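Engineer: Here it is: the structure, laid out below.
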Amino acid sequence: MKTLKVKDLQEAKQEAVDKLEKDNSYNYMLLDRLRSDLEYYWNWGHRNENVLYNKDYKKHIRKMINIWKQLPKKPIWLTANELISFKNRIA
C-alpha cells in the first residue's frame, strides 16, 4: 500500500483550490453564502454582526462587491443594484 506524503496532500489540496478558483464555482457559492448571511442578519439575526461571515457589516458588503466584480458571468440572483442597496442600507 502506498503511503501519502504531506507534500502529496498539500499538492492535491492546492490543485483542488486552483480548480475551484479557476471555474469560479467557489466564488459563486461564497457570494450566495454572504447574501444569505445578510438575509438572516436583517430578518432574524437582530442585526448582530456576529452572524455575518466577516463579523463586520461594511467588510461583509465590501467582500461581496469584490467577489461580484471578479465574476465573469454575473449571477441573476444578485444584481449590481441589489449590491448598491445592501451597501446603502443602514446596518
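Engineer: What are the pairs, 6+ residues apart or on separate chains, where a residue within the stretch 59-81 that is closer than 14 Å to TYR26 by Cα and without any contact (Cβ under 8 Å) to a residue 60 or more places away in the chain has its Cβ under 6 Å from a residue that is loosely packed, with under 11 Cβ neighbours inside 10 Å and not charged (D, E, K, R)?
Structural biologist: Listed by first residue and then by second, the contacts come to nothing, as the list is empty.
Matching residues to (1) among the aromatic types (Phe, Trp, Tyr); (2) modelled with pLDDT of 95 or more; (3) in contact with a Gly (Cβ under 7 Å, 6 or more places away or on another chain); (4) on the phi > 0 side of the Ramachandran plot:
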| position | (1), (2), (3), (4) |
| --- | --- |
| LYS19 | no, no, no, no |
| ASN24 | no, no, no, yes |
| SER36 | no, yes, no, no |
| GLU39 | no, no, no, no |
| ARG47 | no, no, no, yes |
| ASP56 | no, no, no, no |
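Engineer: Can you name the residue in the stretch 26-80 that is among the small types (Gly, Ala, Ser) and exposed (fewer than 12 other Cβ atoms within 10 Å of the Cβ) and, of all such residues, is nearest to GLN14 (Cα to Cα)?
Structural biologist: Taking the candidates together, the pick is SER36.
The values are calculated or read from the model by the stated rules, or taken from the named source; none is laboratory data. In this text the structure is predicted, and so the values were computed from the model without any measurement. Don't worry about glycine lacking a Cβ; one is built from the backbone with ideal geometry, like all the others, and counts go over all protein chains shown.
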